[in-house]
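Peer 1: Submitted below is the structure of interest, expressed as structure tokens.
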Amino acid sequence: MNTTQKLVVFESAQFALSVMVAARSAWIYQERQKEQPDLGKIERWQKEKAAFDKERDNLSFDDTDKSQQTIDKYAPQSR
């Protein structure tokens, strides 16, 4: 795999995780706007968001297999 192909896979994995983080942020915001927010949901989404952030931070340009696994796992959910 050449450098351009590796970059596409790496950036696609980053993007899929970023979409997952953004979705949780939106859900948290929407829940907080309610008169009686469900704090359990907010806490769960904050933990999920932190896990996605950590996973995104741990991606490596040179680990194409891990990036591809991330794409396979999260891209369908991020559409």
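The values are calculated or read from the model by the stated rules, or taken from the named source; none is laboratory data. A quick note: this is a predicted structure, and the numbers were derived from the prediction, not measured. In this analysis, Cβ positions are derived from the backbone assuming ideal geometry, glycine residues included, and neighbour counts consider all displayed protein chains. To get the accessible areas, we keep the full protein, side chains included, count just its heavy atoms, and leave off ligands, DNA and RNA. Shrake-Rupley method; radii C 1.70, N 1.55, O 1.52, S 1.80 Å.
Peer 1: If you roll a 1.4 angstrom probe over the protein chains with everything in place, what fraction of the accessible area of the chain belongs to carbon and sulfur, to the nearest %?
Peer 2: 49
Peer 1: Could you state the angle between the C-alpha long axis of helix 3-32 and the longest principal axis of the C-alpha atoms of the chain, as a value from 0 to 90 degrees rounded to the nearest 10?
Peer 2: 0
Peer 1: How large is the accessible surface per residue of the chain, computed with a 1.4 Å probe and reported in Å² as a whole number?
Peer 2: Accessible surface, normalised per residue, equals 70 Å².
Peer 1: By how many degrees, between 0 and 90 and to the nearest 10, does the Cα long axis of helix 39-57 differ from the longest principal axis of the chain?
Peer 2: It is inclined by approximately 20 degrees.
Peer 1: What is the distance, in nm, between label points placed 7 Å from the Cα along the Cα-to-Cβ direction at Tyr29 and at Asn2?
Peer 2: Each label point lies 7 Å from its Cα, and together they span 4.0 nm.
Peer 1: Right, next: In debye, nearest 20, what is the charge dipole magnitude of the chain about its Cα centre with +1 on Lys and Arg Cβ and -1 on Asp and Glu Cβ, if you could check? The partial results should precede the final answer.
Peer 2: Values: 13 positive and 13 negative charges, 45 e Å.
Charge dipole, the chain, about its Cα centre: 220 debye, nearest 20.
Peer 1: Can you compute 3J(HN,Hα) from phi for each residue in the stretch 67-78, using the Karplus curve 6.51 cos²θ - 1.76 cosθ + 1.60 with θ = phi - 60°, rounded to whole Hz and x for Gly and Pro?
Peer 2: 4, 5, 4, 5, 4, 4, 7, 10, 4, x, 7, 8
Peer 1: Rounded, prolate or oblate, given the Cα gyration tensor of the stretch 39-79, with a/c below 1.5 counting as rounded?
Peer 2: oblate
Peer 1: How many nm separate the modelled label positions at Ser12 and Lys66, each set 7 Å beyond the Cα in the direction of the Cβ?
Peer 2: According to this spin-label approximation, the distance is 1.9 nm.
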